[in-house]
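The values are calculated or read from the model by the stated rules, or taken from the named source; none is laboratory data. Everything numeric in this text was worked out from a predicted model, so none of it was measured. Ideal geometry is used to build each Cβ from the backbone, glycine not excepted, and the neighbour counts take in all protein chains shown. For the accessible areas, the whole protein counts, side chains as well, though only heavy atoms, and no ligand, DNA or RNA atoms are used. Shrake-Rupley method; radii C 1.70, N 1.55, O 1.52, S 1.80 Å.
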Amino acid sequence: LHPPTQVCELPGNDYSCPMAYSPDSRYLAVGGRSVTLHTPAETAPPLTLDTHAAYSVCFSSDGGTLAAHRQDVPLRRWAVPSAKVLPGGWGGTRNSTPSEFPCGLLAYQPGTQTLATLFGVLGERGYD
């Protein structure tokens, strides 16, 4: 293994801070208190895509879509690099669907546009 190399420095965050590199490593998405898109190889400031927090961020396998999720905010998606808002919002929130709600975790299936999300479901023993 090669020793680590610092590519860029991100400001501190006192909140869970998920991060994901695009497949070509050109972009770095950062969740936490907001969703930002960074270009580590450039000195340009990050682009703020959303001011709502995100527990999970991920890129599609072609790098053309960024998705973010949180239990109380519907799924959000953006085109990369244009930052155009794409259809999302499915899955509900903990408030809109109290018996089942997104837990904030998501992942694209490699080589496809299929997006998997994790939901909690209210069962006999509580949330399973």
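I'd like to know if the stretch 82-89 contains one or more residues that are under 19 Å from residue 105 (Cβ atoms) and either touching a Pro at 6+ places or on another chain (Cβ under 7 Å) or in contact (Cβ under 8 Å) with a residue 24 or more places away in the chain (or both).
yes
Hey, could you check the stretch 48-59 for residues that are open to solvent by less than 60 Å² (accessible area, probe 1.4 Å) and not hydrophobic (A, V, I, L, M, F, W, C) and say which is nearest to residue 117 (Cα to Cα)?
Per the stated criteria, the residue is 56.
Just one of (1) at pLDDT below 90; (2) in a loop (DSSP other than H, G, I, E, B); (3) basic (Lys, Arg) trips up residue 76, so point out which.
(2)
On the basis of being at pLDDT below 90, more than 24 Å from residue 113 (Cα to Cα) and touching a Cys at 6+ places or on another chain (Cβ under 8 Å), does residue 45 make the cut?
No; evaluated as a whole, the condition is false for this residue.
Taking the stated definitions as given, is residue 26 part of a loop (DSSP other than H, G, I, E, B), modelled with pLDDT under 80 and open to solvent by 70 Å² or more (accessible area, probe 1.4 Å)?
Taking the combined requirement at face value, the residue does not satisfy it.
How many residues, within the stretch 49-73, are part of a strand (DSSP E or B), within 11 Å of the chain's Cα centre (by Cα) and not basic (Lys, Arg)?
From the stretch 49-73, those part of a strand (DSSP E or B) are 49-50, 54, 56-59, 65-70, 73; that's our starting set.
Narrowing further to those that are within 11 Å of the chain's Cα centre (by Cα): 49-50, 54, 56-59, 65-70.
In the following step, the residues that additionally are not basic (Lys, Arg) were identified as 49-50, 54, 56-59, 65-69.
Matching residues across the stretch 49-73 total 12.
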